[in-house]
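Below is one structure, written out as structure tokens; the observations come after it.
Computed from the coordinates by the stated procedures, all read-outs in this text should not be read as laboratory data. This one's a predicted model, so the numbers in the text were calculated from it and none came from an experiment. Note: ideal-geometry Cβ built from the backbone for every residue, glycine included; neighbour counts use all protein chains shown.
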Amino acid sequence: MKIIRTNSENKDFINLVKELDAYLKITDGEEHSFYNQFNNIDVLRNVVVIYVDEIAVGCGAIKKFDYSSMEVKRMYVSPENRGKGIAQKILSELEIWAKELGNKKCVLETGKRQKEAVRFYKKCNYKVIENYGQYIGMENSICFEKQL
């Protein structure tokens, strides 16, 4: 297993995000276009891609949220590679990177319908917070934070 730091121009990251978007289009249903507008990858400068046997199997990114926080974005592990600790490695690397950049916490939003994601973030010591920004009032959204 190999993990790399890169940016949103990485071809493997772009392909993994296409898989993620196809999955979210199904789970988000009618709300997909609302959520999708906040997921442009061209603004992401801090991207992590993880490889197993030279094949990209997972990704995640962070972007500046406020003066002391990064927002976790575009977390994804291919279905056949789930349950192997890959997402935890990605998230851990993103948290380390956020801390190296001088941040004190990470925040994120996920959909309540993504039950595996909600369980995962809770397992990784993320605490539920009030919905922030564009997610205020969104019934399907659940927001989290973790002190680094």
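Just a few scattered comments:
- Contour minus Cα-Cα distance for ARG113 and SER92 (0.36 nm per residue): 5.2 nm
- At q = 0.10, 0.12, 0.16, 0.19 Å⁻¹ the log10 of I(q)/I(0) for the chain amounts to -0.31, -0.45, -0.84, -1.25, computed by Debye summation with a single uniform scatterer per C-alpha, solvent ignored.
- Dipole magnitude of region 2-147, debye to nearest 20 (Cβ charges: Lys/Arg +1, Asp/Glu -1, about Cα centre): 520
- Summary value for region 2-147: 19 percent relative contact order, contacts being C-alpha pairs under 8 angstrom separated by 6+ residues.
- Partners of LYS105 within straight-line reach, counting lysines whose Cα lies under 24 Å from its Cα and excluding those fewer than 8 residues away in the same chain: LYS63, LYS64, LYS73, LYS89, LYS115, LYS122, LYS123, LYS127, LYS146.
- Longest site-free stretch - the chain; sites: chymotrypsin sites (Phe, Trp or Tyr not before Pro), DSSP loop, at most 13 other Cβ within 10 Å: 68-148
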